[in-house]
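Report on the structure given below.
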Amino acid sequence: MEKHSLKEDAIAILTGSIITAQGVFFLQSAHLLTGGTAGLALLLTHLLSWSFGTLYFVTNIPFYILAWRRFGSTFALNSIIAGALVSVFSDQLRELIHLDVVNEVYCALAGGLFMGLGMLILFRHRSSLGGFNVMCLAIQDKWGISVGKTQVVIDCSILIVSFFFVSPWLLMLSVAGAIIVNMVLGMNHKPTRYTVRYN
C-alpha cells in the first residue's frame, strides 16, 4: 500500500487528535478513567495539581524515545505532535464545552468510542499517542511476551489502583470504556486488512 501524502497525514493527525481529546473530555466529565498512559494521567490528576494535558504529555516522553528507536524518526515525530495536540485539546475543551447533564454510562460509551476512533486514524497515518504499546513491543522483542498480554496487565494494574480513587460503579464503567477502546482497535486495525509503513 502506498504511503499517504504529507498533507493527508497532517489532516489525519489533527483529526485523530481532536477526536481522541473529545473522548478524554467525556471520560473526565464523568470522572471516569481508562487504561494506558491516558488512564495513568487521569489517575495522576487525583494526586497532583497539574492538568491532564501536562501529565499526559510528560508520562509519554519515555515512550516517544522508545518509538524513535523502534519505528524511526517519522513515526516518533508524528507521535510527539499527536500527543502534544491531544494534551492541548484535552485541556482547552473545557473552555469550549460545558455539559449541564452528565450521564456516566453514555460518557463511558462515547469516551471509549471516540478514543478508539481517534487512535485508529492516527495508527493508519504513521502515528500514535506513544504510550505503553511501544514499551510492550520492546518487551515482546526482548523476552517474547506478546503485546496483548503485557498491555492487559498494565491496563488492569492502572484500573486496580484506580479503585482507591473512584467508586466501584465508576470503576466498572471505566473498565467498560477501556474495553470499547480495545474493541474498536481490535476490529478495525488488522495488519492483513490495512498495512502501514512507519518509515
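Since every read-out is calculated from the coordinates, none of them should be taken as a lab result. As the structure is a prediction and not an experimental result, all values here were calculated from the model. Cβ coordinates were reconstructed from backbone atoms using ideal geometry, including for glycine residues, and neighbour counts include every protein chain displayed.
In order along the stretch 37-49, the Karplus-derived 3J(HN,Hα) couplings, from 6.51 cos²θ - 1.76 cosθ + 1.60 at θ = phi - 60°, round to 6, 5, x, 4, 5, 4, 5, 5, 5, 7, 10, 10, 8 Hz, and Gly and Pro are given as x. Working from Cα pairs under 8 Å separated by at least six residues, relative contact order for the chain is 36 percent. If you plug the beta carbon distance of residue 179 and residue 49 into 1/(1 + (r/R0)^6) with R0 = 35 Å, you get a FRET efficiency near 0.70. Note down the nm distance, to one decimal, between modelled labels 7 Å out along Cα→Cβ at residue 143 and at residue 81. About 3.5 nm separates the two model spin labels. Against the chain, whose longest principal axis comes from its Cα atoms, helix 6-29 is set at around 20 degrees. Estimated at 0.36 nm per residue, the fully extended path between residue 165 and residue 15 surpasses their Cα-Cα distance by 50.8 nm. Charge dipole (Cα centre; +1 on Lys/Arg Cβ, -1 on Asp/Glu Cβ; no other charges) of the chain amounts to roughly 740 debye. Distance between Cα centroids, the stretch 1-31 to the stretch 32-100: provide it in whole Å. Here the two parts' Cα centres lie 12 Å apart.
Here, the chain has an Rg and a Dmax of 16.0, 49 Å when only alpha carbons are counted. Helix 132-143 versus the longest principal axis of the chain: what is the Cα-based angle in degrees, 0 to 90, to the nearest 10? Tilt relative to the chain: about 50 degrees.
In a fully extended conformation the segment linking residue 157 and residue 188 would gain 8.6 nm over its present Cα-Cα distance, using 0.36 nm per residue.
The region of the chain that goes longest without hitting one of the trypsin sites (Lys or Arg not before Pro) in a DSSP loop, each with at most 16 other Cβ atoms within 10 Å, is 4-192.
Rounded, prolate or oblate: which one fits the stretch 69-152, using the alpha carbon gyration tensor with axes a ≥ b ≥ c (rounded when a/c is under 1.5, else prolate when a/b beats b/c, else oblate)? Oblate shape, in that a/c is at least 1.5 and b/c is the bigger or equal ratio.
Using alpha carbons only, how many degrees (0 to 90, rounded to 10) separate the axis of helix 73-96 from the longest principal axis of the chain? Around 20 degrees separate the two axes.
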